[in-house]
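No value in this document is a laboratory result; all are computed from the given coordinates. This is a predicted model, so every value here is computed, not measured. Cβ coordinates were reconstructed from backbone atoms using ideal geometry, including for glycine residues, and neighbour counts include every protein chain displayed.
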């Protein structure tokens, strides 16, 4: 059986609280035996989630915006340089079984929209872009709000159970 992949999306820049939540969710993802996939940049939510997963001995994957393999978050096990810019967001989403979205800006919102459009459940960790936006992304889109990393991972597990991935 293939390994479950949980995508963690969020801003290249993150305040201290958001980075701490990304670190914790990355650690919990690894503790559950799931692989963590991110945009792989060396900053913000991407770096923090990778660091959390690595601390717990998890597998980390980064799908890079650019084509420079060295412009990657520290601690990535697998680095995939794309040179595709924001188009790489489609790869991030399609390679994920479930997406956890931390606070971010336009890129994160595009990943949320793509996830819902392509039928990937989204758990929004302390980040609420609003039901009006979320429900317009796709009919029957599955999303949930989580106040903290433990609740986010519990919701990921629920989505995975629904999909028969546990």
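Being over 27 Å from residue 64 (Cα atoms) and in a helix (DSSP H, G or I) is the requirement here; does residue 136 meet it?
yes
Six or more apart or on different chains, Cβ atoms under 9 Å: show the pairs whose first residue is in segment 83-99 and touching a residue at least 60 places away in the same chain (Cβ under 8 Å) and whose second is part of a loop (DSSP other than H, G, I, E, B) and surrounded by fewer than 20 Cβ atoms within 10 Å (Cβ to Cβ).
93/118; 97/4; 97/163; 97/165; 98/4; 98/163; 98/165
Within segment 11-32, identify whether any single residue is more than 14 Å from residue 152 (Cα to Cα) and within 12 Å of the chain's Cα centre (by Cα), and answer yes or no.
yes
Test of understanding: among 48, 53, which residue is under 13 Å from the mean Cα position of the chain (by Cα), more than 21 Å from residue 112 (Cα to Cα) and outside any loop (DSSP other than H, G, I, E, B)? Don't jump to the end; show me each part of the working.
Values: 48 fails: more than 21 Å from residue 112 (Cα to Cα).
The match here is 53.
Which of the residues spanning segment 82-103 are out of contact with any helix residue (DSSP H, G or I) (no Cβ under 9 Å at 6 or more places or on another chain) and either surrounded by fewer than 15 Cβ atoms within 10 Å (Cβ to Cβ) or farther than 27 Å from residue 161 by Cα (or both)? Walk me through how you get there before you give the answer.
Start the filter on segment 82-103 by keeping residues that are out of contact with any helix residue (DSSP H, G or I) (no Cβ under 9 Å at 6 or more places or on another chain), which leaves 83, 85, 87-88, 91, 95.
Of everything in segment 82-103, those that are out of contact with any helix residue (DSSP H, G or I) (no Cβ under 9 Å at 6 or more places or on another chain) and either surrounded by fewer than 15 Cβ atoms within 10 Å (Cβ to Cβ) or farther than 27 Å from residue 161 by Cα (or both) turn out to be 83, 85, 87, 88.
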